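Data first, discussion second: the structure below is written as C-alpha cells.
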Amino acid sequence: MHPNSNLFFNEPFGFSSENLRAILKPFKSSFKEIVLKKNDFLVKQGEICLYFCFIDEGVLRHTIEIDGQDKTTYLGIQNTVTVALNSFLLKQPSRKSIKALFDCRLWVMNLDDFLELRKTNSDFQKFYNNLIEKQLCLIDEYRLDLLTLSPEERYQKLLENEPKFIHDIPLHYLSSLLGISDRHMSRIRKNIK
C-alpha cells in the first residue's frame, strides 16, 4: 500500500495546496466567488451542476441517496477542485448531491468559460488533463482499498494520512465514506487509538 494514496484526503490530486493556488491564479478572472452556508447545495441530485469549483474554504460533501439514506462518496476539502463532472460537462441531471458540510467560500466557473479556457489556454488544458489523470488513479486506488483492505485497515489508513479529519469531520460521514457501518466504526475507533 502506498503511504500517500488516499482518494479523499491526500494533497489535492497530487498538487500541493500552494502549487494548486499558483496554477489557478492566472485564471482567477474566469472564476467568480460564491459563499455556501452549512447545508447549502452546490448541486442537488437530479439537477444540473452549473460549476467547476475550487474550494477556498470549507468542505463539500458528495452524496448519493440509497434506500432513503445519504451515502458519502467523496469529501472535497479546502484547496481542492470539485464538480459533478458528468452533469457539468454533459448538462444532464446529477446522480449525486454536493452539499456544504461547513460554511464554504468557493471560486466557480460556468461551463462556457470552462470550455473556452480549455480551448484557448494550453496551461489550463494541461492542468485539467493532469487533474483528471490523477483523479482516475485515486479512484482506482480507492476501489482497490474497498476490496482488499479490512474496515480496520481503511480506518488506519485514514488515521495515518489525515489524522486531523478524524476530529474535523463528523464520524458518521467518515464511516459512510469508508464503507463502514456507524456501529462498526465506533468499535474500530475504540480498538484503534
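The values are calculated or read from the model by the stated rules, or taken from the named source; none is laboratory data. In this text, all values refer to a predicted model and were calculated from it rather than measured experimentally. No Cβ is skipped: glycine too gets one built from the backbone with ideal geometry, and neighbour counts run over all protein chains shown. For the accessible areas, the whole protein counts, side chains as well, though only heavy atoms, and no ligand, DNA or RNA atoms are used. Shrake-Rupley method; radii C 1.70, N 1.55, O 1.52, S 1.80 Å.
Do any strands (runs of 3 or more DSSP E) entirely within the stretch 40-82 hold 2 or more residues that are closer than 19 Å to Tyr142 by Cα, and if so, which?
60-66, 69-76
Considering each of Asp140, Asp112 in turn, give the residue that is modelled with pLDDT of 95 or more, open to solvent by 80 Å² or more (accessible area, probe 1.4 Å) and of a type in the set (Asp, Glu).
Just one listed residue meets the conditions, Asp112.
Which members of the stretch 67-124 meet the condition of being among the hydroxyl-bearing types (Ser, Thr, Tyr) and over 30 Å from Asp168 (Cβ atoms)?
Thr120, Ser122
Which of (1) farther than 23 Å from Glu162 by Cβ; (2) surrounded by fewer than 21 Cβ atoms within 10 Å (Cβ to Cβ) is the odd one out, the single condition Phe52 does not satisfy?
Going through (1) farther than 23 Å from Glu162 by Cβ; (2) surrounded by fewer than 21 Cβ atoms within 10 Å (Cβ to Cβ) one by one, Phe52 breaks only (2).
Across the stretch 55-82, which residue is most open to solvent (accessible area, probe 1.4 Å) among those that are touching a residue at least 24 places away in the same chain (Cβ under 8 Å) and hydrophobic (A, V, I, L, M, F, W, C)?
Step by step, filter the stretch 55-82, then rank; the result is Ile64.
Restricting attention to the stretch 167-178, which residues are surrounded by fewer than 16 Cβ atoms within 10 Å (Cβ to Cβ) and not in a helix (DSSP H, G or I)?
Listed by number, the list holds a single entry, Pro170.
Quickly run through the stretch 154-168 and pick out the residues that are in contact with a helix residue (DSSP H, G or I) (Cβ under 8 Å, 6 or more places away or on another chain) and in contact (Cβ under 8 Å) with a residue 24 or more places away in the chain. Working first, answer last.
First pass over the stretch 154-168, keeping only residues in contact with a helix residue (DSSP H, G or I) (Cβ under 8 Å, 6 or more places away or on another chain): 154-155, 157-159, 165-166.
Within the stretch 154-168, Arg154, Tyr155, Lys157, Leu158, Leu159, Phe165 meet the criteria.
Tally time: how many residues in the stretch 83-109 are open to solvent by 10 Å² or more (accessible area, probe 1.4 Å) and under 24 Å from Lys25 (Cα atoms)?
Total satisfying the criteria: 6.
Within 24 Å of Leu60 (Cα to Cα), open to solvent by 70 Å² or more (accessible area, probe 1.4 Å) and of a type outside the set (Val, Ile, Thr), is that true of Lys164? I'd like the intermediate steps shown before the answer.
Values: within 24 Å of Leu60 (Cα to Cα): yes; open to solvent by 70 Å² or more (accessible area, probe 1.4 Å): yes; of a type outside the set (Val, Ile, Thr): yes.
So Lys164 passes the test.
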